[in-house]
Amino acid sequence: MVRLAFGKSGLELDLPERMRVEVLEARSASPLADPLRALEEALDGPVGCSALLEMARGKGSAAISVCDITRPAPNRVVLPLVLRRLEAAGVPRSGIRILIATGLHRPATEAEIREIVGEEIAASYEVLNHHAKVREEHRYLGETSTGTPVWIDERFVSAELRLTLGFIEPHLMLGYSGGRKLVAPGLAGQETIKVLHSPKFMREPKAVEGSIDDNPLHRELLEIARMAGQEFIVDVALAQDRRIAGVFAGHPEKAHREGVRFVSSVLAQTMERAADLVITTGAGYPLDLTFYQAIKGVTAAARLVRPGGRILLCAECSEGSGGREFTELIGKYATPEEYLEGIRGQDVIVDQWQLEKLALVARQVEMHWYVPGLPEQYWSGVWGRVHPTFESAVTEAVRGLGDGSVMAVVPDGPYVLARAA
């Protein structure tokens, strides 16, 4: 029996005896024995730049970009240490803004803000949502070398010191999260985000999980972060229980690169043979709150399944499908091929990129879904079979597979960085 990450409660999967089963557990480094000390040391002896206290001296304002509720970043542990140094350096509390890097996700609620930053910080500091669709809240910084228009939250750009707090994990198109991602798409205007998530980048072979070198989207975000003036990052690596396993602070590019090396050395694993069936998840709460987010589990599983094989994705989707624009696209195209052709050369619609990534997988494999929070009206539009119960989903996913067929089970979905040889 294997326990799958699913919402806050999990699911129990009985493994079939007649199949060759390989369980790919999320690998991680051991939690740090003293994470607070590691954070203190990283802030005072950062990678590639001066200590945070020194960088903050003489500054009258600071903006700190933090992950939204869909990311389990340990802001409540990291933020107090950062804020203490800013204020010790003379930055007035009234000049400090904490920005929730929502990208095009919905704004955080008041309760979620307290969960993200902690009760005390939420009550004592200005904590604000980013609103990608409100152009007047952004500053136009010009175009990147490839022509992407750059609109970044004015509250970040106008601050005298600009910091980001994140964590590093595999990302379905950026290679790894963290660092530059807390600027764009995190604090970018929708005009910028739409280009970053257009077919121009989504169909790039190198824009996938675990890919940094030669990833054109990674290069694009680095350029945008430089334009926005990102100066200091605090990224962490997380253990399987989501405690801190590594701290990487300092120069935005140098510290992030060090963190990526650490995470990739820990996570990467290889299957000897591509699977006939992959049973995977959206990684549980909070990443499987919506169908939109759960698709990340599909793209990660695609690296493990043979062409023509099957993927079963299990995600609670307690908040339903996702944003309005994404929801309106579900079912608009009968097949993945029609979708990929239909959006080619058209103006980018918000959130179309997640369905584009799904379509690239669904045109090559047979998709099965157990997504109980997804309203039934959308079941026919997700390019696969949606099952009403977990038991029926597993039964149908394995139906017809012969003895000795290979099943890969990925309990933590996109938190597993693996591929078939």
| query | Roughly what would the spin-label model give for E87 and K133, points 7 Å off Cα along C-beta, in nm? | reply | 3.6 nm
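Please report, in whole Å³, the volume per residue of the convex hull around the C-alpha atoms of region 21-171. Could the numbers behind the result be given before it?
On the way: hull volume 27.7 nm³, N = 151.
Enclosed volume per residue, from the Cα hull, is 183 Å³.
Equivalent-ellipsoid semi-axes (√(5λ), Cα gyration tensor) for region 144-238, whole Å, largest first?
Gyration-tensor ellipsoid for region 144-238: 20, 17, 10 Å.
What do the square roots of 5 times the Cα gyration tensor eigenvalues come to for region 95-160, in whole Å, largest first, as semi-axes of the equivalent ellipsoid? Display every interim value, and only then the final one.
Working: eigenvalues 138, 36, 15 Å².
The answer is 26, 14, 9 Å, longest axis first.
Taking only protein heavy atoms into account and a 1.4 Å probe, give the accessible area per residue of region 356-402 in Å².
Numbers: 2060 Å² over 47 residues.
Value for region 356-402: 44 Å² per residue.
At a 1.4 Å probe radius, which order do K59, K206, K296, K332 fall into by accessible area, largest first?
K332, K206, K59, K296
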| message | So for region 1-157, averaging the separation of alpha carbon pairs under 8 Å that are six or more residues apart and normalising by length, what relative contact order in percent results? | response | 17 percent
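Per residue, how much accessible surface does region 218-259 expose to a 1.4 Å probe? Answer in Å², no decimals. Mind showing how you got there, number by number?
Numbers: 1470 Å² over 42 residues.
So region 218-259 comes to 35 Å² accessible per residue, rounded to a whole number.
Hey, what D do you get for the chain in µm²/s if you plug the Kirkwood alpha-carbon radius into Stokes-Einstein at 37 °C and 0.692 mPa s? Walk me through the intermediate numbers first.
Numbers: Rh = 21.8 Å.
Calculated translational D: 150 µm²/s.
How much mean residue ellipticity at 222 nm does the chain get from its helices, if each DSSP H run of length 4 or more adds -39500 (n - 2.57) and you divide by all residues, to the nearest 500 deg cm²/dmol? Intermediate values should be presented prior to the final figure.
Working: 15 runs with 131 residues, N = 421.
Taken over the chain, the calculation gives -8500 deg cm²/dmol.
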| message | Solvent-accessible area of M173, probe 1.4 Å, all protein chains present, reported in Å² to the nearest ten, please. | response | 10 Å²
| query | To the nearest 10 Å², what's Y125's accessible area with a 1.4 Å probe? | reply | 30 Å²
| message | Restricting to Cα pairs below 8 Å that are 6+ residues apart, what does the relative contact order work out to for region 119-168? Please round to a whole percent. | response | 24 percent
| said: Leaving out ligands and nucleic acids, and using a 1.4 Å probe, what accessible area per residue does region 34-193 come to in Å²? | reply: 37 Å²
| task | Multiply the residue separation of T389 and R273 by 0.36 nm, subtract the distance between their alpha-carbon atoms, and state the gained length in nm to one decimal. | result | 38.8 nm
| Accessible surface of the chain, 1.4 Å probe, proportion on carbon and sulfur as whole % | 48 percent
| request: Could you pull the Cα extents of region 283-419 along its three principal axes, largest to smallest, in whole Å? | output: 47, 29, 28
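The values are calculated or read from the model by the stated rules, or taken from the named source; none is laboratory data. Here the structure is a predicted model, which is why all the values come from computation and not from measurement. As a convention, Cβ positions derive from the backbone with ideal geometry for all residues, glycine included, and neighbour counts pool all protein chains shown. Heavy atoms of the whole protein, side chains included, go into the accessibility calculation; ligands, DNA and RNA do not. Shrake-Rupley method; radii C 1.70, N 1.55, O 1.52, S 1.80 Å.
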